[in-house]
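None of the figures in this text is laboratory data; all of them are computed from the coordinates on show. Computed from a predicted model, the values in this text were never measured in an experiment.
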Amino acid sequence: MRQKISTTKIFISLALACAAGLSLASCAQATSSITSPRYALVYGIKDYSYRPLTYTVADAQSMRSVLLSSGVSSSNMIEREDAAVTKAQIKADILSLSSVSSDSTVTIYYSGHGTFVDSSWGSEFYPSFSGAYIVPYDAMGKSGPTPSTFLNLISPTELENWITYIGTRNIIVILDCCNSGAYVDPGSSKDAIPSDNSKMPSYSAFATAMAKFGDLLVANSSASGGKTPIVISAAGEMEYSYEGDENMGHGVFTYFLLDSALKGDSDDDGVVTATEAYAYA
């Protein structure tokens, strides 16, 4: 589950998987440079029956604003909050994009709970369920996922299957939830932050991260084949995502990602590239 924590000592790591042939640009791309249609599905859930969150709806609302200001038209934007974010609705929204043009770009953003099912809980309901899941509103009972809500969890396989119906290969999935690294194909990902960077000079950790991110860009430009999205996740498969405090007003990951749209244009060319956003965060 997503955790609340003081923001004084936080390291942010982004796990990214690269899609075949996808041109990388951030949500802060200059509107004048956008020539192909852009679509966005944005979700935020805070009013869970169990372990409600604080800033996840604010995350979604701010992401919606940034995307609208950067070229996504209101007619191509779907933003849903709390009880409207059910498993069936997310699936329907994704499948509704089956007819978009092949040059379109689709962004899917989710801020809410994620969880990991193992032998310590959940297996008594469905023994075959093991691994990480997104937790839509209807997957949470008053004491957590229950036998009646368990099937409303969303697995990486289910999300991947729905995404195959989208009419374009240019797909970016952004997940600000615990255990979200499970939605990154391990064969196409890099852990950009060293496992222990407490003794590394900041410039050394930065150089390591950027070098590994560069490896992903090279792999992306030379890849071919299936419809695998770029996935930007707030945590590893077995890691927590964190909420900030009242000074941030957002989840820690989303706060810095949004901030990069305003401050990440390091070469002042009017476009925040994925590399620039990543470097800033």
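Numerical summary
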item: 5 angstrom amide H check on Val100, placed H, neighbours 5+ away; result: Gly167
item: Difference of contour (0.36 nm per residue) and Cα-Cα distance, Glu158 to Lys263; result: 34.3 nm
item: Distant-in-sequence amide H partners of Val117 (H built 1.01 Å from N, under 5 Å); result: Gly131, Ala132, Tyr133
